[in-house]
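**Q** The following block contains the structure, expressed as structure tokens.
The values are calculated or read from the model by the stated rules, or taken from the named source; none is laboratory data. Just so it is clear, the structure is predicted and the values come from calculations on it, not from any experiment. Every residue, glycine as well, gets a Cβ built from its backbone with ideal geometry; the counts of neighbours run over all protein chains shown.
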């Protein structure tokens, strides 16, 4: 049985027997994916799964997908505010 993690109303299963592979992406794509992370330690795997979940949700329930996106956006903005405040505190 896998472990379940919550990301803004989105749940992903992380099975222990999962096979890992490597994909090549441009640095610009990696940067864009990095900006979609809700938490600093969130993996790119989780970001991609979240994007796929939202795309599938849009087909069934655009309103629900919109709520999820707003929640993610709020979390990312709050993270940005926290990081700015943290870096200013370190300088002082």
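**Q** Which helices (runs of 4 or more DSSP H) does the chain wholly contain that include 2 or more residues that are at pLDDT below 90? Talk me through it step by step, then tell me what you get.
**A** Values: elements: 27-35, 44-60, 62-91.
In the chain, the matching helices (runs of 4 or more DSSP H) lie at 62-91.
**Q** Now, a different point. Please list, ordered by first then second residue, the pairs with beta carbon atoms under 7 Å, 6 or more apart or interchain, first in the stretch 63-80 and without any contact (Cβ under 8 Å) to a residue 12 or more places away in the chain, second part of a helix (DSSP H, G or I).
**A** 64/57; 65/54; 65/57; 65/58
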